[in-house]
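Structure first, commentary second.
Since every read-out is calculated from the coordinates, none of them should be taken as a lab result. From a predicted model like this one, the values you see are computed outputs, not experimental measurements. Quick reminder, even Gly has a Cβ in these numbers, built from the backbone with ideal geometry, and neighbours come from all protein chains shown.
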Amino acid sequence: MSSMVNLEDLKASNNHDENADERRNITLDDALPKNLPPWWRRRNLLLLNFLMICPIFSSTNIGFDGSMLNGLQAQTQWQTFFDHPKGLRLGHLSAAPTFGNIASFLVGGYISDRYGRRVALFIGASIVILGAAIQGAAQSYGMFFAARLLIGLGGTISIVPAPSLLSECAYPTHRSILTTSYNIMWYMGATIAAWITYGTYFMGEDSTWAWRIPSLLQGFFPLCQIIMCFFIPESPRYLIYQDRIDEARKFFVKYHAEGDNSSVLVDYELTEIIQTLQAEKALKQASYKAFLLPENRRRLFLCFMVPFMQQMSGNGLLSYYLSLVLTSIGITSAPQQLVINGGLMIYNWGIAIVLIGIVPRFGRRVLFLTSTASMFVIFVIWTVLSAINQERNFEQKSLGQGVLAMIFLFFFSYNIGLLGLPYLYMTEVLPYHLRSKGMAILQLAGALTSLYNGYVNSIAMDAISWRYYIVYCCVIGVEFLVVFFFFPETKAQTLEESTDLFNSQTKKKNLSEVMRDDQYKV
C-alpha cells in the first residue's frame, strides 16, 4: 500500500499542475537546481558524500592486503617464521584471497540484490575482520593460508555492492568523481600497510609481532565499515526495485534536494529510475542467463575484459611481487625494498587523487586508450633496460635506477585508465537488474586472472627474470586494440541513459504512463 500512496503523491506533484507537460520532458540539466551554494556548504549533500566513505573502504581493504603481503615478503621475521616460502608455496598465499573471491561469486550478488547493498557490505566486512584476527594469530602456514581465504571471501562480498551503492546514491554531478574515487582509495590502504610493515620491521629479528601487527590491523577498515553501515542510506534504485517508492523519494528529498519536497530534480530522478526499472522488470531478465541475450553479450564481454586489463597489465607483478622485481635489478636490502614499497604507494595515491579531476573532462575511451598506449611504451623500455642491466651483472647502477623510474612512470599510466575508471565504467554499462550480478562476474573474472598472477608470476620471475616482461608487452598491446574496437563511450550520461547504448528492447515512458501501469496498482 505504501507504494501506491507514494506514487499517487508523485503523480499529483507532476501531472496535476499547469507545468506538467514541461516537467515530463525536461533534461537532467534542466532539473538540476541553479545558483546554489557549493556542495560542501550544503549540509545533507556533505553528509551523503561523507557516508559514501563506507563503501569506498571495500577498496581500501584490498589495497591494504596486497601491499601488506609485499611488505611481509621483505621482512626477515615473516620469512623465517614461514620457512622462506617461494614458488608455489608463496603463490598459494598470494592466491588464497582469490580462492575466497571465487567462493563468494554467487553469494555477493545474491545478497546485494535480495537484502540490499548495506547488508552485503556488513556481512563482507564482518568476515574480513574474522580473517584478520585468525591471520594475526596464525601459528602455522596453513592457519595463515586459511585466514587469507576468509579475507578473500569477505572482501568480495563487500566489493560487489560497493561501486553500485556509490553510483546509485551519488548526486548526479558527483557520480563520476565519487565512483572513480572508489578504487583510487585502494592506494590509501596500500600506503598505510606499506609503512606499517616498514615500521614493524624494526621490532627485532625474533619478534613475530613484526608481521602479526600488520595482519591484525587489516581488520581496522572493515570495522569502520560495520559501524558506518548503521548510518549510510540504502540505494534508492534498490528501494524502487523493491517497490519501496516512498523510501526512495525520502532519500532524494533529503540528500539531493536538501529537504525540498517539491524539487524538480527529485521528480526527474524518480521518474527516470521508475520507468527504466519498470522496463527492465517487464523483460523478466534478472538472472545470470540474461547476459547471454544479444543486447547483453557485449556487456558480458566487458565484465571479463575490464578486470583482465586491471590485473594483466603488469601491475599484478608489482602489487604482490615487488620484492622479486627489485631483487631482479640488484636492490636486495630489506629496508631499502620496504622504503621503495612505501614511497611507491604514496606516489600512486597522490597521482590517483590528482587524476580524479580528469575523469569528467575526458571520454572514457580516451582515458582507456591513453592508459594502455603509454603503458605499452613504458613496459618496452622497462624490458630493454632490465635486459641490459642483467647482461652487465647489475654493475651499472644507472640502469637499475632507470628501471625503477619506469616502474613509477608505469603506475602513472596505469592510474590514468585502469584504477578508478573501470568501476565507474561498469556501473554505467550495466543496467540495474544486472548491475550486482555484473559486478560479481567482474570480481570472479578478476579472481581468475589473479590466480595467474599469484602462481605464474613468482615462478616465471624465478625462472626467466626480465624475459617474462615480454609477455606483458604483448598483452598490453592487445588491450589497446580491444578498447579501440569494442569499448563504447558513456561520458555525460545518467546511469539510465547509459543502458540505452546496448538496449534495443527497452522503451521508456513518461510519468503518466508509468502511473497507469498495473505493476504499480494495488
Specify the angular offset, from 0 to 90 degrees and rounded to the nearest 10, of the alpha carbon long axis of helix 105-115 from the longest principal axis of the alpha carbons in the chain. 30 degrees
Any idea what angle helix 117-136 forms with the longest principal axis of the chain, computed on alpha-carbon atoms, 0 to 90 degrees, nearest 10? 20 degrees
Taking the simple approach of a point 7 Å from Cα along Cα-to-Cβ for both ILE227 and ILE388, what is their distance in nm? 5.3 nm
Is there a pair in LYS86/LYS289; LYS86/LYS437; LYS254/LYS289; LYS254/LYS491; LYS34/LYS437 whose C-alpha atoms are over 30 Å apart, and which pairs would that be? LYS86/LYS289; LYS86/LYS437; LYS254/LYS289; LYS34/LYS437
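Going highest first, how would you order 262-274, 378-390 by mean Cβ packing within 10 Å?
Details: 262-274: 21.2, 378-390: 19.6.
Ranked from most to least packed, the peptides come out as 262-274, 378-390.
Hey, can you rank 48-58, 153-163 by average C-beta count inside 10 Å, highest first?
Working: 48-58: 22.2, 153-163: 29.5.
Descending mean neighbour count gives 153-163, 48-58.
Between MET203 and ASN44, what length in nm is gained on full extension when 0.36 nm per residue of separation is reduced by their alpha carbon distance?
52.7 nm
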